[in-house]
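Written below as structure tokens is the structure these notes are about.
The values are calculated or read from the model by the stated rules, or taken from the named source; none is laboratory data. Note that this is a predicted model, so its numbers are computed, not measured. Counting neighbours? That spans all protein chains shown, and the Cβs are built from the backbone with ideal geometry, glycine included. Only protein heavy atoms, including side chains, enter the accessible area calculation; ligands, DNA and RNA are left aside. Shrake-Rupley method; radii C 1.70, N 1.55, O 1.52, S 1.80 Å.
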Amino acid sequence: LHFASLQGIIIAGSGNTDSPGRCSMPTVSWLLSKRNSGPIAACSVDDTVLDAAVLMNERMIGSVAVLDGDRLVGIFTERDILQRIVAVECDPAATRLGDVMSAPVTVAASNTPLDMLRTIMRDAHIRHIPIVDDDTPIAMVSIGDLNKAHADEQNETIHALETYVSIR
């Protein structure tokens, strides 16, 4: 596991890559290949909290990446809306994301093993983590995505064991 700071972003990853024919832990790439999702939901630092909330509601998601041009500079989540807008009675239509986003943001590479990602998210107390390849945000993974992948993996194992036991 390594952490590096790049332009105010904390990057977590293993440095390992998936290689065919080798037994390895499922990675973020594997998770992303299993789900139907479009490009990462993102807003500009100059967009308002209301803009972000509308996008989050339209896509039924809990966070958006915050960009300054093409550069990831933060993340804005449902928790940020509650703590930094609602609880302090800010106007979401007049508040810029750049003023209330969470930064620096922890990100992971697509070759990060899911178990490592789960540990990073648990230890950092975060529920959403942008996935970045070549300094470009490509996806957002939530703790719910990880929980679903883990449950699916357990169900596959149970099915394989039941099949094994039934043919003996």
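A few notes on this one:
- Scanning the range 130-144 for residues that are modelled with pLDDT of 90 or more and either at positive phi or surrounded by 21 or more Cβ atoms within 10 Å (Cβ to Cβ) (or both) gives PRO130, ILE131, VAL132, PRO137, ALA139, MET140, VAL141.
- The set of residues in the range 94-111 that are within 22 Å of SER29 (Cβ to Cβ) and in contact with a Leu (Cβ under 9 Å, 6 or more places away or on another chain) comprises VAL105, VAL107, ALA108, SER110.
- Residue in the range 109-129 that is open to solvent by 60 Å² or more (accessible area, probe 1.4 Å), of a type in the set (Asp, Glu) and at pLDDT 90 or above present: yes
- Scanning the range 47-80 for residues that are touching a residue at least 24 places away in the same chain (Cβ under 8 Å), of a type in the set (S, T, N, Q) and more than 17 Å from MET121 (Cβ to Cβ) yields one hit, THR48.
- Residues (at pLDDT 70 or above, touching an Asp or Glu at 6+ places or on another chain (Cβ under 8 Å) and assigned to a loop (DSSP other than H, G, I, E, B)) located in the range 1-42: MET25, PRO26, ARG35
- Pairs with Cβ under 9 Å, 6+ apart, first in the range 31-46 and open to solvent by 70 Å² or more (accessible area, probe 1.4 Å), second among the small types (Gly, Ala, Ser): LYS34/ALA149; PRO39/ALA139; ASP46/GLY98
- Number of residues in the range 47-66 that are in contact with a helix residue (DSSP H, G or I) (Cβ under 9 Å, 6 or more places away or on another chain) and either under 15 Å from HIS128 (Cα atoms) or open to solvent by less than 70 Å² (accessible area, probe 1.4 Å) (or both): the value is 11.
- Test: residue in the range 43-66 that is more than 18 Å from THR136 (Cβ to Cβ) and at pLDDT below 85: no
- Candidate set from the range 145-162 (those that are within 14 Å of PRO26 (Cα to Cα) and charged (D, E, K, R)); member that is least open to solvent (accessible area, probe 1.4 Å): ASP145
- Residue match in the range 67-76 (condition: loosely packed, with under 15 Cβ neighbours inside 10 Å, of a type outside the set (Lys, Arg), modelled with pLDDT under 95 and within 26 Å of LEU114 (Cα to Cα)): no
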